[in-house]
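Data block below; observations after.
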Amino acid sequence: MTWIQYLAPLLKGAQITIVISLASIALGGIIAFVAGIARISSNPILSGIAFTYIALFRGTPLLVQLFWFYYALPLIGISFDPITTGIMTLSLLTGAFGAEVVRGALLAVPPAQHEAARALNFSKSYTLWHISMPQAIIEMMPAFGNLAIQNLKDTALVSLISIADLTFQAQSLRNITLDSATVYTLTLLGYFIIALFLMFIMRFIEMKLRRGAAFPRDAHS
Amino acid sequence: MMYGYEWDTSSTLAFATSILPILGIGLIVTLKAAAVGYAIALVLGLVLALLRRSRVKAVSWAVACFTEFVRDTPLLVQLFFLYYVLPDFGIVLPAFMTGALALGLQYSAYTSEVYRGGINAIPRGQWEAATALNLTRLQLYRDIVIPQMIPRIVPSLGNYLVSMLKETPVLSVVTVLDMLGLANIIGERTFDYLVPLSMVGLIFLPLTLTCSALIHFIERILPKAGIPLR
Amino acid sequence: MHKTLCYGIAALALAVGMGGASALTLDEVKSAGYVQGATANEVPYGYMKEDGTAAGIGPDVAIAVFKRMGINEVNWTVTPFGTLIPGLKARRFAFAAAEQNISPERCKQVTFTEPNSSYGEGLLVKKGNPKKLTTYADIAKDPSLKVAVVSGANNIDFLRAVGVKDNQIIIIQANADALSTVQTRADAYAATELTVSKLAEGGKDVEQVKPFTDPVVNGKPVRNYGGFAFRPEDKDLYDAFNKALVEFRKTDDYKKILTSYGLSEESIKAAAAKNVADLCAGK
């Protein structure tokens, strides 16, 4: 087989990688907001649960988490198919790291804003969504960008729970052709190209946000 | 059994306690791999950071591309590359060294960015003063730059150590018998993955927490102005 | 803020709500139209070809037997050998077709069909057999030697039984890694005779140890009997398959499949002479 023939199976794998990455980034983003907000909530139960979840997923290795959800959980009756397991674990991991970003950014909003909001009689919920969040989101974007790339790299591990992603296809190809150098170089290039696209998308989102929400229109115009 | 320790599957607690010594041996492998990998990352990262500052455009550009490439590609694939491709060129490293090298390589891309940030954070005035005082490059780096850089880069470098600890289980994929590798073997032989995998997770938790606490402690006791090297 | 939180958690809970099913019956499989099998990518017992279809002693026989049961489509999952039984228990597939040796420990976890094949052990070494190995016990004699073995395979038990130490054993994830491991990091690879002969055919710088003596464990030379594994609770499906398998074993097509992969007629007769109940009891 020439290296051109390697491209077809690798591309099939790349599709799966992209789907899993985008899905877990999106889901992870949602979880990040839920957990991050819960973490700074004044309700001790909510913030306790969030704290535990974040500490658990940030403090243990992803591979251990993947294997645990894939091999250990079924032994007590809860079993998902590989792709669901992969997306779920990655989302929970990205969500835990994202939650810390959300929390940090929300806490970094100047206290003066909170005081002004109280003075204007805004409810806590309104303050969160209409005052804190727009300012915080801009702060979060660079960190989210890094988390997105990290997520893409982490998807490679799902090949170890039988998901036919880019790395899995590379391994199969290598087993058949024994041409490790070419196969792995192509695979690394594949991930790099996907990473560049991901960075482009994240920067685009960041730009859009910068132009929009953070700068509320002048009240007098 | 493994390493001479029999496991006792009669009850969950008995199982958990009987595999503790086995996982302990795996923990030592994990720590060793992280230590060697981190040492490589610290040294290689510094080399890359300094090369990046080279005035030869080709060198600085090549290093920048290489660093970005390593940063944005998965550790697992880099590990497979080193493990399977190096022997094709006659370099057969034992699995452990290959793993530590892969960790060191991937993290050198991160540490080089930290070093760069640290170096760039030194005010311009100091560089100019050094030129005015006719200091050699060695004196400049040894007495001015590095002492001031250290407190600034310790937090980030520390975080990367913790991250690296959490990435060592990937090495189990190339036959390194770290905690996860042993847990998988125990799981396959006893058909019970729940206990071994949970134990590994439970060992990692205090491990990473202790490591983070240690780093915070070091951050606090470091003098803010810098550490003189002489 | 709390409302949003509640919606978020509810959505999450919904997403998590899948999993679990009840025992598989033949009718369920028939109405689904296909059955999900697993194999471990070990030539010739069960492996994936480049076009994505499965072949090998296990898959070929399984496909033929299912056809006789009226199920024409078999989908395959490739999974590391050591994860065949855990994966089966986790309901990721309905059966495993990797000709796993029917051992008493495995019988405690899954239900095996009547034996499908029988095979002995083998060793793969570098070309020229530089360490002059003829049996597993030779590895035990020299503590500096390293032998590779696939995770989850019985060979590790045989190696240990003849005195090979744990620090001499390298555990690899898949049979496919064996070639490069023997060429570089290990002195030998311990697997079944057929596996080794297929690897030796395909690889340069390696050869199968001949003559080879099967390791002697508990006073008898080791002989493996491979079968298909099903979940104990899928009794209906298992009974139907087992019956069809026993019928199929009497046909010429069956013999043709096995001999085409290199199994000898004596080994086929040996497999037919044993029954799974005895093997599970350790006889």
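What does the extension gain come out to for residue C:67 and residue C:223, with contour length at 0.36 nm per residue minus their alpha carbon separation?
53.2 nm
Peptides B:49-56, A:103-110, B:30-37: what's the order by average Cβ count within 10 Å, highest mean first?
Descending packing order for the listed peptides: B:30-37, A:103-110, B:49-56.
Please give the solvent-accessible surface of residue A:130 in Å², to the nearest 10, using a probe radius of 1.4 Å with every protein chain present.
For residue A:130, solvent-accessible area is about 110 Å².
Once the Cβ-Cβ distance between residue B:68 and residue B:217 is put in as r, and R0 is 45 Å, what FRET efficiency do you end up with, to the nearest 0.05?
0.85
Rank these residues by their accessible area, most exposed first, probe 1.4 Å: B:198, C:144.
The ranking, largest first, comes out as C:144, B:198.
With +1 on each Lys and Arg Cβ and -1 on each Asp and Glu Cβ, how big is the dipole of region B:12-221 about its Cα centre, in debye rounded to the nearest 20?
Using Cβ point charges on Lys, Arg, Asp and Glu, region B:12-221 gives about 780 debye.
Can you compute the FRET efficiency between residue C:142 and residue A:189 using 1/(1 + (r/R0)^6), with r the Cβ-Cβ distance and R0 = 51 Å? Round to the nearest 0.05.
Details: r = 44 Å, r/R0 = 0.86.
The computed FRET efficiency comes out at 0.70.
Using +1 on the beta carbon of Lys and Arg, -1 on that of Asp and Glu, and nothing else charged, what's the dipole of region A:15-220 about the Cα centre, debye to 20?
About 440 debye.
Whole number please: convex hull volume per residue, Cα atoms of chain C, in Å³.
173
Residues of A:74-87, mean number of Cβ from any other protein chain within 10 Å of their own Cβ, rounded to a whole number? If you can, show how the numbers build up before the last one.
Details: counts 10, 10, 1, 4, 5, 9, 6, 4, 4, 0, 4, 1, 0, 1.
Per residue, the number of nearby Cβ atoms from other chains is 4 on average.
Taking only protein heavy atoms into account and a 1.4 Å probe, give the accessible area per residue of the protein assembly as shown in Å².
Per-residue value: 45 Å².
With each label point set 7 Å from Cα along the Cα-Cβ vector, what nm distance links residue B:50 and residue B:10?
6.1
Students often get this wrong, so check it: of B:32/C:204; B:166/C:235; C:198/C:283; C:204/C:256; C:132/C:220, which have C-alpha atoms separated by over 31 Å?
B:32/C:204; B:166/C:235
Please work out the FRET efficiency for the pair residue C:53 and residue A:201, using the Cβ-Cβ distance as r and a Förster radius of 35 Å; give the result to the nearest 0.05.
Working from the Cβ atoms, E equals 0.40.
Per residue, what volume in Å³ does the Cα convex hull of region A:64-105 take up?
Working: hull volume 2.6 nm³, N = 42.
About 63 Å³ per residue, rounded to a whole number.
Averaging over all projection directions, find the projected area of the Cα convex hull of region B:90-230 and quote it in nm² with one decimal place.
Average projection, Cα convex hull of region B:90-230: 11.9 nm².
Farthest toward the dipole's positive end in region B:12-221, which of B:47, B:181, B:119, given Cβ charges of +1 (Lys, Arg) and -1 (Asp, Glu) about the Cα centre?
Most positive-ward Cα: B:119.
Using a cut-off of under 16 Å, list every residue of region B:110-146 whose amide N is near the label point 7 Å from the Cα of residue B:230 along the Cα-to-beta-carbon line.
Only B:130-131, B:133-146 fall inside the zone, counting backbone N under 16 Å.
As I understand it, the value is the acute angle between the Cα axis of helix A:180-211 and the longest principal axis of the Cα atoms of chain A; what does it come to in degrees, rounded to 10?
Helix A:180-211 sits at roughly 20 degrees to that axis.
If ligands, DNA and RNA are left out, what is the accessible area of residue C:146 with a 1.4 Å probe, given in Å² to the nearest 10?
80
Per residue of chain A, what 222 nm ellipticity follows from adding -39500 (n - 2.57) for every DSSP H run with n ≥ 4, rounded to the nearest 500?
Estimated from H runs of four or more residues: -25000 deg cm²/dmol.
Just the number, please: buried accessible area between A and B, total of both chains, 1.4 angstrom probe, nearest 100 square angstrom.
Values: alone 12860 and 12760 Å², together 22590 Å².
Roughly 3000 Å² of accessible surface disappears when A and B pair.
Give me the percent of accessible area attributable to carbon and sulfur for region A:15-220, probe 1.4 angstrom.
Carbon and sulfur: 68 percent of the exposed surface of region A:15-220.
Within 10 Å of each Cβ in A:152-161, how many Cβ atoms from other chains are there, averaged over the peptide? Show your work: numbers first, answer last.
Working: counts 3, 9, 4, 2, 9, 7, 0, 5, 7, 4.
Per-residue shielding by partner chains comes out at 5.
Using the basic label-point model (7 angstrom from Cα toward the beta carbon), what is the residue B:89 to residue B:131 distance in nanometres?
It works out to 3.8 nm between the two label points.
Helix-only mean residue ellipticity at 222 nm, chain B, DSSP H runs n ≥ 4 weighted -39,500 (n - 2.57), per residue, nearest 500. What is it?
That calculation yields -25000 deg cm²/dmol at 222 nm.
From the P(r) of region C:121-221, could you give the percentage of C-alpha pairs in the tail past 20 Å? Before the final figure, lay out each step's value.
On the way: 1279 of 5050 pairs.
Distances greater than 20 Å cover 25 percent of the Cα pairs.
Multiply the residue separation of residue C:236 and residue C:161 by 0.36 nm, subtract the distance between their alpha-carbon atoms, and state the gained length in nm to one decimal. Walk me through the intermediate numbers first.
Working: separation 75, 0.36 × 75 = 27.00 nm, distance 3.77 nm.
Full extension of this stretch gives 23.2 nm more.
Keeping all protein chains in place and using 1.4 angstrom, which order do C:266, B:113 fall into by accessible surface area, from largest down?
Largest accessible area first, the list is C:266, B:113.
Got a number for the accessible area of residue B:71? Probe 1.4 Å, square angstrom, nearest 10.
Per-residue accessible area (residue B:71): approximately 60 Å².
Taking a quarter of the surface of the Cα convex hull of region B:29-125, what do you get in nm²?
Average projection, Cα convex hull of region B:29-125: 7.2 nm².
P(r) for region A:15-220, please, calculated from all Cα pair distances in 5 Å bins and given in %.
1, 7, 13, 16, 16, 14, 11, 8, 6, 4, 2, 1, 1, 0, 0
Span-like helices, chain C: DSSP H, alpha-carbon axial extent 20 Å or more, mean Kyte-Doolittle 0.5 or greater, which ones?
C:2-16
Bin width 10 Å, alpha-carbon pairs only: give the P(r) of the protein assembly as shown as whole percents, running from 0 to the bin holding the largest distance.
3, 13, 22, 24, 18, 11, 6, 3, 1, 0
How many nm is it between the label spots at residue B:59 and residue C:243, if each spot is 7 Å from the Cα in line with the beta carbon?
The answer from the label model is 8.0 nm.
Ordering C:189, B:3, C:261 by accessible area with a probe of 1.4 Å, largest first, what comes out?
So the residues, ranked largest to smallest area, are B:3, C:261, C:189.
Which chymotrypsin sites (Phe, Trp or Tyr not before Pro) in region B:75-180 sit in a loop by DSSP (not H, G, I, E or B) and have at most 14 other Cβ atoms within 10 Å of their own Cβ?
Of the chymotrypsin sites (Phe, Trp or Tyr not before Pro), the ones in loops of region B:75-180 whose Cβ has at most 14 other Cβ atoms within 10 Å are B:89.
If Rh is defined by the Kirkwood formula over all Cα pairs and Rg also comes from Cα, what ratio Rg/Rh do you get for region A:140-215?
1.16
Which distance in Å, rounded to a whole number, links the C-alpha centroids of region A:88-167 and region B:1-72?
Region A:88-167 and region B:1-72 have Cα centres spaced 28 Å from each other.
Quick one: Cα centre-to-centre distance for region C:173-209 and region C:31-98, in angstrom?
Value for the Cα centre distance between the two parts: 24 Å.
The values are calculated or read from the model by the stated rules, or taken from the named source; none is laboratory data. All of these numbers come straight from a predicted model, not from anything done at the bench. Here Cβ is always computed from backbone atoms with ideal geometry, including for glycine, and neighbour counts include all displayed protein chains. Calculation scope for accessible area: heavy atoms of the full protein, side chains included, ligands and nucleic acids excluded. Shrake-Rupley method; radii C 1.70, N 1.55, O 1.52, S 1.80 Å.
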